[in-house]
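Here's the structure, in C-alpha cells; my notes come after.
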Amino acid sequence: MTPTPSETARAYHSITKHHVFRQARSLGYMDWENQPNPFRRYDGAAEVELPLGGAPAEATWGQAKGPADGAPVALPSGLVQVGRLLELSLGLTAWKEFEGSRWSLRANPSSGNLHPTEAYLIVGDNCPGLPAGVLHYAPQEHLLELRCSLDASGARRLGALLPEKGFLVAFTSIHWREAWKYGERALRYCALDTGHALGSVDYGALCVGARVLPTTGWTDAQLEQMLGTSQGADGLPEWDREHPEALVAIAPRDSVLESGGLELATDEILEVLGQGTWHGTPNALSEEYHDWDVIQATADAARRTTAQPALAAEARGPALPAGLHGPGDQRMEPLLRGRRSAYSMRAGVSVSLEVFGEMLDATLPRSSMAPWRGWGEEPRAHLLVFVHRVEGLSPGLYLLERNANHGRRLRDAISKDMIWGPAPGLAEAGFGHLRLSLLRRGNCESVARAVSCQQDIAADGVFSMGMLCDFAGVVDADASAYRRLFWECGVIGQALYIEAEAHGLSATGIGCYFDDSVHELLGLQGDEWQVMYHFTAGQSIEDERLQTQPAYGHLEGRLK
C-alpha cells in the first residue's frame, strides 16, 4: 500500500536516526569536486546594492525581551532599513582562512556552515529605494537581485496587500547543500536552518525598529509561485531545486496581532505577480550530485498542501510573565555580528544560576519577545537539560516544559523511575515560572557525551540539551508539521546562541546524536515524543591557527 504523507515523514525520521553502531547513510567521504556553491546568483537580474556600514543600530539586548520603556531608534525606512536588517540577520559576519582555504561565516547559523537557506523579499510600493516585486538576497555581495518586476499599477496593488510600511520575507532550502556532506539526514538540517533564519531575522528586525509577524493563508505550491521556484520553472536539475519553507512579514515595531498570524490575500498576491516580468537565470551549484531518493520523497510528503489558519493566542499555551532583561543595555548589533558556533569548549567552566535561568527563560515562546515574534504556533518542543556546572544548581538531568499543557502526557510517557523534583534554588533566584524538573541527580557529563555521538563538546559545556518534541500525533495530523518541529528547535537554538553571546559564553548546535539512546534514557516507548536537536553552551576554545578577515572587505568601496 502507498504510505500516507504522515507515514512517509515518520518513516524518514526513523530511517535517518543515528545509532551507536550504525549512523544514517551518507557518502562517507567528502566529494570536494562537487561541493555545492554556497551562494545562489541570478544571471541577468537587475542588482540593487544595499548600504554597508554607516551609523550603528541602537537597539539593545534588553529590548529583545519584550516591550520596553523606550523603542529603539529606527533607521530611515526603505533601502537603508532593509539593508541593515538583512546584513544583521542573513549577511556575512567574517571570513576565516587556514592553509590556503577560505570560507565565510554568516549571522544566521547553519549546520556544517553549508547554508542551504535562500531568502527572498516580496515588496510593494511602500519601501523607498526598492523596486516593487520579488527580490533575491545575495549575501556575499550584500545586494538584492530583481527576480520579478512590476509596473506602477502592480506595485500599488501589491503594496495594498502587504502590511503598511512592510514587506514579506520568504525562505527556501536547497537540500543538496546539506546532503553533499550529511547524506540522508540533510532534510532535518535544512529545516533546522530555516528555524535559525527565522530567529535571526527577528533579531535583525529589532535592530531597525521593526518586528516580524507570522503569516497564514498560503500553501507551499503558492509560495513557490510567488518566488518563481516551482519545479522546472528555471530549468534547474532536481538537486539544485529550491524547496519552499517559511514566509513572514516585516512591519513597524508597533504592529500587533490579535490572532496567531497575518492572513495573506494569497490569490490576489499571485495575480499581481503573475502579471509581472520575471528576470534572471539561477547558477548551477555543482556539476554532479548523489541522489538520496528518501529526501525527495519526504520533501514531497511534508509539503504544506492546505493553507494554515491563524492560531488563537490561547492555543499557544498559558500566558507567560515578561521576559527577563538581565544586562539589557548591551547593544544587539555586536551580539549578532559576533555570534559564532563553537567547535570545542573549555572544560571546568561554570556559570551562575542567574545566567542559566535567563538563558532558559529566553526559549519560552512569547509573541512580544524576539526571536518569537514571528512564531504563530503552539510550542511543541521541550528541553532535556544535562546540567554540568551551574552554581547553586545540582548537576543532573532536568526537563524544562515549554508548554504546560503537555505536562501530564510527558509524565505519563517518561520512566516512572525519574525523580520529578523541583530544581533547587530556582524559585529563590527569581525563576519560579520555569517549569524545570529534576529527573536524575548526579554528574551526567559522560551520558551527555555518549548520546551526542561521543562529542566532548556536549560534556565540556556548562550544560547541554536535547530538544524533545511532541511528534507522532502532530505529524499524523499534518505531515508538513514535521518540518515545522525542526523550525521551532532552530528558533530555540538561535535564542540560545544570542543569550550565550550576551553573557560572555559561546554555543553550538549538535546535529549528530543517537536519537533512540536519548529515548531509552528517558524510558520512552514508540515515537509519541522524539528528540530533534541537541545544543550546548559554555566557554569556547578559539582555534588560533585560523585567520579572521572582515566580512565585507572585498566590498571596501561600498563601506562607509
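Evaluate the range 110-117: report whether one residue or more is modelled with pLDDT of 95 or more, in a strand (DSSP E or B) and buried (at least 24 other Cβ atoms within 10 Å of the Cβ).
Taking every residue of the range 110-117 in turn, at least one turns out to be modelled with pLDDT of 95 or more, in a strand (DSSP E or B) and buried (at least 24 other Cβ atoms within 10 Å of the Cβ).
Within the range 213-225, identify whether any single residue is among the β-branched types (V, I, T), surrounded by 22 or more Cβ atoms within 10 Å (Cβ to Cβ), touching a residue at least 60 places away in the same chain (Cβ under 8 Å) and closer than 26 Å to H279 by Cα, and answer yes or no.
Scanning the range 213-225, I find no residue that is among the β-branched types (V, I, T), surrounded by 22 or more Cβ atoms within 10 Å (Cβ to Cβ), touching a residue at least 60 places away in the same chain (Cβ under 8 Å) and closer than 26 Å to H279 by Cα, so the answer is no.
If V82 satisfies every condition in (1) at pLDDT 95 or above; (2) over 30 Å from R25 (Cα atoms) but one, which is the exception?
Every listed condition holds for V82 apart from (1).
Please pick out the residue among R10, R25 that is modelled with pLDDT of 90 or more, farther than 30 Å from V123 by Cβ and assigned to a loop (DSSP other than H, G, I, E, B).
Of R10, R25, the one residue that is modelled with pLDDT of 90 or more, farther than 30 Å from V123 by Cβ and assigned to a loop (DSSP other than H, G, I, E, B) is R25.
Would you tally the residues in the range 163-197 being among the aliphatic types (A, V, I, L, M), more than 24 Å from R25 (Cβ to Cβ) and crowded, with 24+ Cβ neighbours inside 10 Å?
The total comes to 3.
State yes or no: is R402 buried (at least 21 other Cβ atoms within 10 Å of the Cβ), outside any strand (DSSP E or B) and assigned by TED's automatic domain parsing to the domain that holds R366?
Numbers: buried (at least 21 other Cβ atoms within 10 Å of the Cβ): yes; outside any strand (DSSP E or B): yes; assigned by TED's automatic domain parsing to the domain that holds R366: yes.
Considered against the rule, which asks whether it is buried (at least 21 other Cβ atoms within 10 Å of the Cβ), outside any strand (DSSP E or B) and assigned by TED's automatic domain parsing to the domain that holds R366, R402 comes out as yes.
In the same structural domain as E499 (by TED's automatic domain parsing), more than 21 Å from the chain's Cα centre (by Cα) and buried (at least 24 other Cβ atoms within 10 Å of the Cβ) - does that describe any residue in the range 332-347?
The answer is yes; a qualifying residue exists.
Within the range 168-260, which helices (runs of 4 or more DSSP H) (wholly inside it) include 1 or more residues that are farther than 25 Å from T281 by Cα and at pLDDT 95 or above?
By residue number, 175-182, 186-207.
Picking from F463, F471, which residue would you name as being of a type in the set (F, W, Y), modelled with pLDDT of 95 or more and within 18 Å of P395 (Cα to Cα)?
Being of a type in the set (F, W, Y), modelled with pLDDT of 95 or more and within 18 Å of P395 (Cα to Cα) holds for just one of F463, F471, which is F463.
Restricting to the range 380-430, count the residues that are within 22 Å of the chain's Cα centre (by Cα) and either modelled with pLDDT under 95 or on the phi > 0 side of the Ramachandran plot (or both).
Number satisfying all stated conditions: 1.
Tell me, yes or no, whether the range 417-428 has at least one residue that is surrounded by fewer than 24 Cβ atoms within 10 Å (Cβ to Cβ) and within 26 Å of G199 (Cβ to Cβ).
Looking through the range 417-428, at least one residue is surrounded by fewer than 24 Cβ atoms within 10 Å (Cβ to Cβ) and within 26 Å of G199 (Cβ to Cβ).
Answer yes or no: is there a residue in the range 300-313 that is of a type in the set (G, A, S), buried (at least 22 other Cβ atoms within 10 Å of the Cβ), at pLDDT 90 or above and in the same structural domain as C444 (by TED's automatic domain parsing).
No, the conditions are met nowhere in the range 300-313.
If we keep just the residues of the range 82-109 that are touching a Ser or Thr at 6+ places or on another chain (Cβ under 7 Å) and of a type outside the set (G, A, S), which is surrounded by the most Cβ atoms within 10 Å (Cβ to Cβ)?
Among those residues, the one meeting the criterion is N108.
With (1) crowded, with 23+ Cβ neighbours inside 10 Å; (2) assigned to a loop (DSSP other than H, G, I, E, B) as the list, and Q140 as the residue in question, which single condition is left unmet?
In the conditions (1) crowded, with 23+ Cβ neighbours inside 10 Å; (2) assigned to a loop (DSSP other than H, G, I, E, B), Q140 misses (1) alone.
Determine the pairs where a residue that is within 18 Å of G195 (Cβ to Cβ), located within the range 379-393, has a partner that is of a type in the set (G, A, S) and assigned to a loop (DSSP other than H, G, I, E, B) with Cβ atoms under 8 Å apart, the partner being 6 or more residues away or on another chain.
P379/G317
For the range 75-97, name all the residues that are over 21 Å from T508 (Cα atoms) and either β-branched (V, I, T) or in a strand (DSSP E or B) (or both).
V80, V82
Please specify each residue of the range 533-550 satisfying the condition of being in contact with a Lys or Arg (Cβ under 8 Å, 6 or more places away or on another chain) and over 19 Å from V387 (Cα atoms).
I541, L546, Q547, T548, Q549
Only one of these is modelled with pLDDT under 95, hydrophobic (A, V, I, L, M, F, W, C), within 20 Å of Y120 (Cα to Cα) and touching a helix residue (DSSP H, G or I) at 6+ places or on another chain (Cβ under 9 Å): L52, L75. Name it.
After applying the criteria, what remains is L52.
In the range 366-378, which residues are in contact with a helix residue (DSSP H, G or I) (Cβ under 8 Å, 6 or more places away or on another chain), of a type outside the set (A, V, I, L, M, F, W, C) and either over 19 Å from Y482 (Cα atoms) or modelled with pLDDT of 95 or more (or both)?
If the condition is that a residue be in contact with a helix residue (DSSP H, G or I) (Cβ under 8 Å, 6 or more places away or on another chain), of a type outside the set (A, V, I, L, M, F, W, C) and either over 19 Å from Y482 (Cα atoms) or modelled with pLDDT of 95 or more (or both), then S367, P371, R373 are the ones that fit.
The values are calculated or read from the model by the stated rules, or taken from the named source; none is laboratory data. Computed from a predicted model, the values in this text were never measured in an experiment. With ideal geometry, Cβ positions are generated from the backbone for all residues, glycine too; neighbour counts draw on all protein chains shown.
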